[in-house]
Amino acid sequence: MTDDSAENTPLEPLDPQLKDIQPGGGIIIHLELLWGCWRRFWLKTFRKSYVEKMRQLRKGTPDGVPIEVLDSRDLKFYRNQTDCHWEPQDDPFTGRDRIPFARVGLAELIVFSIVFWGPAIGLAAFLLNSSVEAPWNYVLWTAAFALALVGTEIVWFFRDPKRVVPSEPGQVISPADGKVVHIEEVDDEFVGPAIEIGIFLSIFNVHINRSPIEARVIGLRYKPGKYLNALRPESARENEQLAVRIEELAAPHRRMIVRQITGAIARRIVCWLKPGDELERGEQFGMIKLGSRTELLLPKEEGLELLAKVGDTVQAGSSILAKYPAKTDKVANEVST
């Protein structure tokens, strides 16, 4: 949809189901929140000067956040509830954004690494210092290797590689890593006549989602659901999902939707956006934890060139899925007037 007045599209209210950035909940998020209670108690008891310093440096008030906010760590799960923040130079935890792993997955990375690598190392140490005979030594070594392999896969899953984002006007880049499993024409009440591109993410793919265009967030729609295998077509209709409704910043202000969909293994959608946020092309906005599906709906227009085809392997932030014709100065002036 390329309405000339699209730049004035009113923002939708935040979906009331979105109480935090991970609407499906989960054990790990509750463990992190529990740890946060202890951390805030310790800071207020033993580091009062730090607490006061961070209060003075804080921008805005944390209205809408259900917990006490002492520093940026307390905003991790509630970034979509408030505009409260610290400037990068005032935030002692910005360095965590530079590590090569998804920051929103660090807790899972630590917990699952301990769960799998701990027993693997324990078994290996036991076998190296004991005289277990065949066939049990082979069985235990196989178990240790399997545990270590799963632990390695967990580390691989949460990686956050750097991507070179294409910059040519009109390009629409992939919002997810994975394999293109379907492309079809649909009609959507927000986008209008559209092309829907479905991408399957296996457990070996990076699961961080990125914006396909430079855009403004108009709204988010969350739908609880099942956890069917993401390769099954019905998973797009029946599984838990979050639709991010965006509008191109530049004329002609095309509207698009990026839909995050859970799978049989991935059951945690993460999205820290809220209506009104602006995104650079290729900017990260969330992830799906442990195997899933991502769909992109883009408006069907004359001159649209689809560059992706079913079976293609794509990367979020770098693979070009489609391209709209570049605007001439005359067309740009006509749209702006």
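Taking the criterion of being over 24 Å from the mean Cα position of the chain (by Cα) and at positive phi, the only residue of the stretch 298-329 that qualifies is 303.
Scan the stretch 115-165 for residues that are under 30 Å from residue 100 (Cβ atoms) and not in a helix (DSSP H, G or I) and the total you get is 8. Residues that are charged (D, E, K, R) and part of a helix (DSSP H, G or I) were ranked within the stretch 311-337; the one that is modelled with the highest pLDDT is 334. Contact map, the stretch 39-59: residues that are within 16 Å of residue 91 (Cα to Cα) paired with residues that are of a type outside the set (Lys, Arg) and loosely packed, with under 13 Cβ neighbours inside 10 Å, Cβ distance under 8 Å, separation 6+ or inter-chain. Pairs shown: 57/87; 59/87.
Please determine whether any residue of the stretch 243-251 is in contact with a helix residue (DSSP H, G or I) (Cβ under 7 Å, 6 or more places away or on another chain), under 23 Å from residue 13 (Cα atoms) and of a type in the set (Asp, Glu). Yes, the conditions are met somewhere in the stretch 243-251. Can you find a residue in the stretch 260-272 that is free of Cβ contacts under 8 Å to residues at least 60 places away in the same chain, surrounded by 21 or more Cβ atoms within 10 Å (Cβ to Cβ) and not hydroxyl-bearing (Ser, Thr, Tyr)? Scanning the stretch 260-272 turns up at least one residue that is free of Cβ contacts under 8 Å to residues at least 60 places away in the same chain, surrounded by 21 or more Cβ atoms within 10 Å (Cβ to Cβ) and not hydroxyl-bearing (Ser, Thr, Tyr). The residues listed here are 114, 110; of these, the one that is free of Cβ contacts under 8 Å to residues at least 24 places away in the same chain and within 18 Å of residue 268 (Cβ to Cβ) is 110.
The values are calculated or read from the model by the stated rules, or taken from the named source; none is laboratory data. Keep in mind that this is a model prediction, so the values were computed, not measured. Cβ: placed from backbone, ideal geometry, glycine included. Neighbour counts: every protein chain shown.
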